[in-house]
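The values are calculated or read from the model by the stated rules, or taken from the named source; none is laboratory data. What you see is a predicted model; the values in this text were computed from it and never measured. In this analysis, Cβ positions are derived from the backbone assuming ideal geometry, glycine residues included, and neighbour counts consider all displayed protein chains. Note: accessible area is taken over every heavy atom of the protein model, side chains too, but ligands, DNA and RNA are not part of it. Shrake-Rupley method; radii C 1.70, N 1.55, O 1.52, S 1.80 Å.
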Amino acid sequence: LMVSSVLSVQMDWGDNPDLVEESFTIQGREHIKLMVVLVGESIDLECQVLFTSQPVSQIRWRFNGKQRDQSDNQTLETKDGDVFIENHFKINNITEDMDGSTVTCEYAKGEYADRVEASLSIFKLEIKTSEDICETCDVKLIFKEAKRSSPNETNVDRRIRSKIAAMTNLQSDDITVDNDEYSVSLPIATVKNNQAIFAMNPKLLTNGNPVQGDSALDLCKCGSVWMELWNSFCIRICSWLESVGLQWC
C-alpha cells in the first residue's frame, strides 16, 4: 500500500501561458520548464501536488537554490479521499538580472520526494531612433533576452512573439528576428502612448548612443509637423479648386 500511495502522488505546475516546454527535452530534465517574461512584469507560479494524503507536508520553494518561505500561500482540497494541495510563488517587477534564474517547487512526504522547476527567460527592450526620425516618424523596438539566448527554443520563440504582438497590437508576421533579437517598427506617437512599453523601462538609443529619459522620442514632434504640412496642403488645394469653380472642401 505504501508503494502504491507513493507512485500515485504527482507534481505539476498550474496553467500559465508563459510556462513552456523545452523544445528538446533531455533525459533527466523532464521536470524543467522555461518561463518567458518581460522586464517589469510580475509572475505568479502555482505549484500543485496531486493525490497526496493527510497529514500533508509543506510545499517548499527555492529561488536560485535558496529557500523562500511561502507557507502562508498553501491551500488544500479533498475529493473522494484524495488530497490536492497548491502553493503560489510571486515575484513583482521582474528585472534584467533575473534572466536565467530558477524557481523550484519541492514536495516530500514519507518515501515520496519530487520537484518541478522553472527557468526564467527574461526579455529586455531597447528603443532605437536615428537622425532621419523626422522623415520616417518611426522608431525600432528591439526585444532580446537580457543575459543569455535561447537558440532553437521554438516554444520560447512562439511565446515571445505572442507577447510582443499583444503589446504592440501587431501581427506575429510583423516581427523581424535576427540573431535572437525580435524587432518591430512603430510610430513615435504610438510608442509614447503605450504604457506597457515604458513599464519595461526600455533603454533609449539614438544612432547607437544611450539617451537618458525619453528625450529621444522628442527629437521630432512628427505628428504635429506632418499634420501642419497636411493642413497647409489641403488649404492650397481647396483654394485652387475654388478658383476654378469647384467645391471640394
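Of the residues that sit in the stretch 155-169 and are of a type in the set (S, T, N, Q) and part of a helix (DSSP H, G or I), which one is nearest to residue 185 (Cα to Cα)? Outline the logic, then answer.
Going residue by residue through the stretch 155-169, those that are of a type in the set (S, T, N, Q) are 155, 162, 168-169.
Next, from what is left, pick out any that are part of a helix (DSSP H, G or I): 155, 162, 168.
Details: 155: 24, 162: 16, 168: 9 Å.
This residue is 168.
Counting residues that are surrounded by 15 or more Cβ atoms within 10 Å (Cβ to Cβ) and modelled with pLDDT of 95 or more, which strands (runs of 3 or more DSSP E) fully inside the stretch 52-110 reach at least 3? Give the derivation first.
Working: elements: 60-63, 66-68, 75-79, 82-91, 102-109.
Where strands (runs of 3 or more DSSP E) fall fully within the stretch 52-110 and carry at least 3 residues being surrounded by 15 or more Cβ atoms within 10 Å (Cβ to Cβ) and modelled with pLDDT of 95 or more, they are 60-63, 82-91, 102-109.
Please determine, by comparing only the residues of the stretch 186-210 that are among the polar types (S, T, N, Q) and more than 18 Å from the chain's Cα centre (by Cα), which one is most open to solvent (accessible area, probe 1.4 Å).
In the first step, residues of the stretch 186-210 are kept if they are among the polar types (S, T, N, Q); the result is 190, 193-195, 201, 206-207, 209.
After this cut, where a residue has to be more than 18 Å from the chain's Cα centre (by Cα) as well, the list is 190, 193, 206-207, 209.
Values: 190: 61, 193: 127, 206: 26, 207: 78, 209: 93 Å².
Among those that are among the polar types (S, T, N, Q) and more than 18 Å from the chain's Cα centre (by Cα), it is 193.
Select from the stretch 180-189 the residues that are within 15 Å of residue 128 (Cβ to Cβ) and either outside any strand (DSSP E or B) or of a type in the set (Asp, Glu) (or both) and list them in ascending order. Reasoning before the result, please.
Looking only at the stretch 180-189, we keep the residues that are within 15 Å of residue 128 (Cβ to Cβ), and these are 181-188.
If the condition is that a residue be within 15 Å of residue 128 (Cβ to Cβ) and either outside any strand (DSSP E or B) or of a type in the set (Asp, Glu) (or both), then 181, 188 are the ones that fit.
Can you name every residue in the stretch 127-145 that is at pLDDT below 95, open to solvent by less than 70 Å² (accessible area, probe 1.4 Å) and in contact with a strand residue (DSSP E or B) (Cβ under 6 Å, 6 or more places away or on another chain)?
127, 129, 137, 138, 139
Among the numbered conditions (1) in a strand (DSSP E or B); (2) open to solvent by less than 70 Å² (accessible area, probe 1.4 Å); (3) more than 19 Å from residue 69 (Cβ to Cβ), tell me where residue 117 comes up short.
Evaluating residue 117 over (1) in a strand (DSSP E or B); (2) open to solvent by less than 70 Å² (accessible area, probe 1.4 Å); (3) more than 19 Å from residue 69 (Cβ to Cβ) leaves (3) as the failure.
One residue is enough: does the stretch 162-175 have a residue meeting the conditions farther than 21 Å from residue 42 by Cβ, more than 17 Å from the chain's Cα centre (by Cα) and open to solvent by 50 Å² or more (accessible area, probe 1.4 Å)?
Going through the stretch 162-175, the residues farther than 21 Å from residue 42 by Cβ turn out to be 169-175.
Cutting the leftovers down to more than 17 Å from the chain's Cα centre (by Cα) gives us 173-174.
Okay, now just the ones that are also open to solvent by 50 Å² or more (accessible area, probe 1.4 Å), so 173-174.
Yes.
List every residue pair whose Cβ atoms lie under 8 Å apart, where the two residues are 6 or more positions apart in sequence or sit on different chains, the first residue falls within the stretch 15-35 and is touching a residue at least 24 places away in the same chain (Cβ under 8 Å), and the second residue, located anywhere, is assigned to a loop (DSSP other than H, G, I, E, B) and among the hydroxyl-bearing types (Ser, Thr, Tyr).
34/150
Tell me, which residue of the stretch 146-161 that is modelled with pLDDT of 90 or more and not charged (D, E, K, R) is most open to solvent (accessible area, probe 1.4 Å)? First the steps, then the outcome.
Keep residues of the stretch 146-161 that are modelled with pLDDT of 90 or more, which gives 146-147, 153-161.
Retained after the next criterion (residues that are not charged (D, E, K, R)): 146, 154-156, 160.
Values: 146: 21, 154: 75, 155: 37, 156: 4, 160: 0 Å².
Checked the stretch 146-161; the qualifying residue most open to solvent (accessible area, probe 1.4 Å) is 154.
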